[in-house]
Amino acid sequence: METLSSDQAMMELAGFLVDNRQCDERTIERARRLAAETGQRLDNVLIQLGLLTERGLAESFAALLHLPIAGPSRYPAGEPLLSDCLPPRFLRQARALPVDVTDDVLVLATADPIDPFTPAAIAAATGRRVALEVAVPIELDAALDRLYPNQDGDGHADAAASAPLEDDTERLKDLASEAPVIRLVNQIITRAVETNASDIHVEPFEDRLRVRYRYDGVLHEADTPPRRLAAAITSRIKIMARLDIAERRLPQDGRIRLAVRGQEIDFRVSTVPSLHGETVVLRILDRTAVAFDYAKLGLPAQVIRQFQAALGLPNGIVLVTGPTGSGKTTTLYTGLLALNSIERKIVTVEDPIEYRLHGITQMQVHEQIGLTFAEFLSAIVRQDPDVIMVGEIRNRETAEVAAQAALLGRLVLSTLHTNSAAAAVTRLRDMGLEDYLLSAVLRGVLAQRLVRRLCPACRRAAPAPDELIRRFDLPSPGGAEVLMLHHPVGCDECRHTGYRGRFAIAEYLALNAEIERLIFARADHGSIERAAIAAGMIPLLQCGLDAVLAGETTIEEVVRSVRAEN
């Protein structure tokens, strides 16, 4: 390992960041001036300004010092190493943790690899040579809290944690405001943001408190906090969301805005009473992590062209359908941002408002006081908008007002919960919308699902079984060639799931004379779907199979998402 002084390390770090285009020279100079004014190190200033993530800093130090990075699996799974001679207080202050030990060598994961004191002190205390690995701070903190759950910064049992929880609002408020609980909640939130989770689930059970993060639509369990802190953690989150911590019998909804690693992030908070306490879910609304771009969403090129053509029409209704969590709102937001201009007035009615869109008037439904989708829509029409987005058409009243707005010359975008594009027609019919009105205002329906993308770093190709080829009518290469399909393996880059990220598969139903005739004849969705396929629509399952053949995902993932029975 190369030994650098602090000043020399900061100079080399600045040069490395500029050379690798993580920061420009003006940004580095600005951070240097602030570091000189505050007496802080350059790397700490870059983190505080949100110009560099902790993971990015760890990777930069590893490259500069030619050291490996300690991944999450590197930390001890059971008892801490050498706990008899390395006290928790020292390790927390030094931001370091032993991850491997032999008779001669101790491997130390440290968040500050240029600090010469910590490895020297640990070498003297243990009588072993110290080899360094660079730790990502959030992963190091999680390991310290897991291995030393009852120790605070002074190495003593946490008084707040060991005190019995009283069913008292003031006591809960005091407990939720104490440093260990605040630190623990901040760590849970920060780790979720750093690892690109979409949701945080905090669930109390009789014998434990479970924390899970949702990645790419699938839940994964995180380190478990002590069960006795369940009420304090819930109260802390409710205080942050400005909810009533005394009300534990009714569901509550709130919102948190936090600066995480220098980036403003919104969290939508939902609490629901359960058998062993309140279950809390935080939806992470990170605008920087969401791509409002058709290509990045993964929508097929044909679907994008048809959807954009529908959005270019002066009036009518355009729908996006699919189950909860299928990316409908993101697709609509992408369409709205493409339409957004000085010449157009765009208004949205949402429940809740997911992301704030610059230049677009967004309105929040409040059904408790009578501000429903239908009520808002009736009022909005008098505001002379060009484009209206309705978060969801849930009932006949909303459907009728949306249809009337379209007849009055507005373009209306909305969502429906249906399994296919053709089923949107029968769903609106079941709500009570007349067939003549449907054919007059409906311009197109996009149905979509999100499927997990195979990790490009570890996916593996294997011959497709004959039974699979027959079942899904996959094209056979013919001759001596064998159809190869990719499968998940798992590596550090994908958290050993085999998948990294998601993309959309979709079908688009565009109305034509034959489909309008079928609507008037009150045909079922199967007949409408067959007519759409005959006119060129690529159905959801086929779109997914095309992605499988391209090596983007797996048949299992497509079937799980589309729920096909064939």
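Okay, here's what the table says:
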quantity	calculated
Cβ-placed point charges (K, R +1; D, E -1), dipole of the range 214-337 about Cα centre in debye, nearest 20	200
Simple label model, 7 Å out from Cα along Cβ direction - ARG283 to ARG471, nm	3.4
Sequence-distant aspartates and glutamates (8 or more away, or on other chains) whose Cα lies within less than 15 Å of LYS328	ASP293, GLU350, ASP351, GLU354, GLU392, GLU507
Cα long-axis angle, helix 6-19 against the chain (0 to 90 degrees, to the nearest 10)	20
Net dipole in debye of the chain [+1 Lys, Arg Cβ; -1 Asp, Glu Cβ; about Cα centre; nearest 20]	1000
ASN340-ASN395 FRET efficiency (beta carbon distance; Förster radius 30 Å; 0.05 resolution)	0.55
Probe 1.4 Å, protein heavy atoms only - accessible area per residue of the chain in square angstrom	47
Degrees between helix 54-65 axis and first principal axis of the chain (Cα, 0 to 90, nearest 10)	50
Value of [θ]222 nm, deg cm²/dmol, for the chain, DSSP H segments ≥ 4, -39500 (n - 2.57) each, nearest 500	-11000 deg cm²/dmol
Theoretical FRET efficiency, 1/(1+(r/R0)^6), r = Cβ-Cβ of LEU258 and GLN302, R0 45 Å, to 0.05	0.65
Rounded if a/c under 1.5, otherwise prolate or oblate - the range 197-247, Cα gyration tensor axes	oblate
C-alpha long axis of helix 328-339 to longest principal axis of the chain, angle in °	80
Fraction of accessible area attributable to carbon and sulfur, the range 412-499 (%, probe 1.4 Å)	47
For ARG410, solvent-accessible area (1.4 Å; no DNA, RNA or ligand), Å²	30
Relative packing of peptides 391-399, 333-341, 498-506 - highest average C-beta neighbours within 10 Å first	498-506, 391-399, 333-341
Computed E for ILE369/LEU407 - FRET, C-beta separation, R0 30 angstrom, nearest 0.05	0.55
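The values are calculated or read from the model by the stated rules, or taken from the named source; none is laboratory data. Worth saying up front: this structure is predicted, and the values here are computed from it rather than measured. Glycine gets a Cβ as well: all are built from the backbone with ideal geometry, and neighbour counts include every protein chain shown. Calculation scope for accessible area: heavy atoms of the full protein, side chains included, ligands and nucleic acids excluded. Shrake-Rupley method; radii C 1.70, N 1.55, O 1.52, S 1.80 Å.
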